[in-house]
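Encoded as structure tokens, the structure appears first; notes follow it.
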Amino acid sequence: MSYLEPSEFAKKMVDAGEQKIFMSTKDTLIRAFMAGAILALAAFFAITVITTTGSLILGSVLFPVGFIMLYLLKYDLLTGVFTLVPLAVIDKRPGCTVKGMLRNWGLVFCGNFAGALTTAFFASFILTYGYQIDGGAVAEKVATIGESRTLGYKEQGLGGWFTIFIRGMLCNWMVSMGVVGAMISTSAGAKIAAMWMPIMLFFFMVFEHSIVNMFLFPFSMIMGGEFHVSDYLIWNEIPTALGNLVGGFLLVGLPIYYTHVRETKRSAA
């Protein structure tokens with residue numbers, strides 16, 4: 001398995017954050033676009049499996065293939081850079097500033113959204129033969145999901161908004177554990193196993209992932225979901241993204257950094 005000690009992969013996390021800050025605009029956008037498109041395709045696949053079989057657990061077991069593919073190709077999700085990039089700033093790496101971090105987050109957000117929206121168009125087109133027929137059971141399922149996870153939260157008011165926020169936190173706690181898990185070994189098989197488990201958990205528990213939702217809700221609206229763009233933004237995407245940020249940074253990146261990177265420095269001194 002070629003297991004790495006926490007002090008080793010914790011340094012790799014900071015190195016990764018630094019590398020992402022200095023990545024060119026072109027490379028950042030391309031990698032983010034492909035990550036959003038691939039994760040969206042995996043979500044489309046999982047929803048189709050769930051609709052066809054009626055089994056949420058089967059869809060959850062299969063969904064991680066998208067995350068694994070994009071990670072092995074070194075593409076970037078917003079949820080991952082929320083966790084890794086701030087570590088380079090906290091570690092005071094040369095040239096790693098808050099401005100550079102926000103630039104990276106903004107570019108990755110735009111790339112992820114463009115990729116996810118492209119896949120939503122592809123998925124809706126093939127289900128309807130170019131919008132000529134009804135999309136069938138999958139389209140009906142997606143439309144229902146979109147309504148329940150926007151208007152359903154909206155009906156609960158402030159409590160609904162914070163429910164999405166916490167679901168977003170829990171989601172990126174697990175997703176970022178997958179990102180970190182892939183760094184604990186130099187073996188491809190071990191990386192895949194370490195990523196699979198937390199991603200499967202988040203999907204089965206119906207936690208909120210901002211990039212999956214960049215695909216799911218536009219797709220739902222195209223397929224007839226009766227809610228507005230403002231409902232999607234206020235009652236899902238914004239609280240989900242904020243929850244993803246807090247969950248990834250506070251529950252994964254920061255604890256590992258302070259207990260391993262900082263501790264290593266003190267021991268060396």
Original post:
Is it true that Lys141 is in contact with a Phe, Trp or Tyr (Cβ under 6 Å, 6 or more places away or on another chain) and either surrounded by fewer than 20 Cβ atoms within 10 Å (Cβ to Cβ) or hydrophobic (A, V, I, L, M, F, W, C) (or both)?
Top reply: no
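Within the stretch 216-233, does at least one residue satisfy the condition of being over 30 Å from Gly130 (Cα atoms), in a helix (DSSP H, G or I), open to solvent by 40 Å² or more (accessible area, probe 1.4 Å) and not basic (Lys, Arg)?
Checked against the condition, which is being over 30 Å from Gly130 (Cα atoms), in a helix (DSSP H, G or I), open to solvent by 40 Å² or more (accessible area, probe 1.4 Å) and not basic (Lys, Arg), the stretch 216-233 yields no hits at all.
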Original post:
Of all residues in the stretch 164-189, which are at pLDDT 90 or above, over 18 Å from Tyr75 (Cβ atoms) and open to solvent by less than 10 Å² (accessible area, probe 1.4 Å)?
Top reply: Ile164, Gly168, Cys171
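Can you name the residue in the stretch 132-146 that is under 20 Å from Gly54 (Cβ atoms) and of a type outside the set (Val, Ile, Thr) and, of all such residues, is nearest to the chain's Cα centre (by Cα)?
My answer is Gly146.
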**OP:** Examine the stretch 100-116 for a residue that is modelled with pLDDT under 95, of a type in the set (D, E, K, R) and either out of contact with any Cys (no Cβ under 8 Å at 6 or more places or on another chain) or part of a helix (DSSP H, G or I) (or both), and state whether such a residue exists.
**Re:** no
**OP:** Select from the stretch 54-65 the residues that are open to solvent by 30 Å² or more (accessible area, probe 1.4 Å), farther than 17 Å from Ser176 by Cα and in a helix (DSSP H, G or I) and list them in ascending order.
**Re:** Leu56, Ile57, Leu58, Val61, Leu62
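Just need a number here: residues in the stretch 66-102 that are under 21 Å from the mean Cα position of the chain (by Cα), open to solvent by 70 Å² or more (accessible area, probe 1.4 Å) and under 23 Å from Gly243 (Cα atoms). Step through it out loud before you land on a result.
If we filter the stretch 66-102 for residues that are under 21 Å from the mean Cα position of the chain (by Cα), which is where we start, we get 66-88, 100-102.
Next, only the ones that are open to solvent by 70 Å² or more (accessible area, probe 1.4 Å) stay: 69, 72-74, 102.
Checking which are under 23 Å from Gly243 (Cα atoms) leaves us with 102.
Number of matching residues: 1.
In this structure, is Glu226 among the charged types (D, E, K, R) and out of contact with any Asp or Glu (no Cβ under 8 Å at 6 or more places or on another chain)? So that I can check it myself, show each step before the final result.
Numbers: among the charged types (D, E, K, R): yes; out of contact with any Asp or Glu (no Cβ under 8 Å at 6 or more places or on another chain): no.
Criteria not met by Glu226.
Answer yes or no as to whether Val179 is part of a helix (DSSP H, G or I), of a type in the set (Val, Ile, Thr), within 30 Å of Val14 (Cα to Cα) and touching a residue at least 24 places away in the same chain (Cβ under 8 Å). If you could, list the steps in order and put the result at the bottom.
Values: part of a helix (DSSP H, G or I): yes; of a type in the set (Val, Ile, Thr): yes; within 30 Å of Val14 (Cα to Cα): yes; touching a residue at least 24 places away in the same chain (Cβ under 8 Å): yes.
The answer is yes for Val179.
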**OP:** May I ask you to verify whether Thr51 is assigned to a helix (DSSP H, G or I), under 25 Å from Phe121 (Cβ atoms), of a type outside the set (A, V, I, L, M) and in contact with a Lys or Arg (Cβ under 7 Å, 6 or more places away or on another chain)?
**Re:** yes
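The values are calculated or read from the model by the stated rules, or taken from the named source; none is laboratory data. All values reported here derive from a predicted model rather than from experimental measurement. A quick note on method: Cβ atoms are made from the backbone with ideal geometry, for glycine too, and the neighbour counts reach across all protein chains shown. Keep in mind that these areas ignore ligands, DNA and RNA; they rest on the heavy atoms of the full protein, side chains included. Shrake-Rupley method; radii C 1.70, N 1.55, O 1.52, S 1.80 Å.
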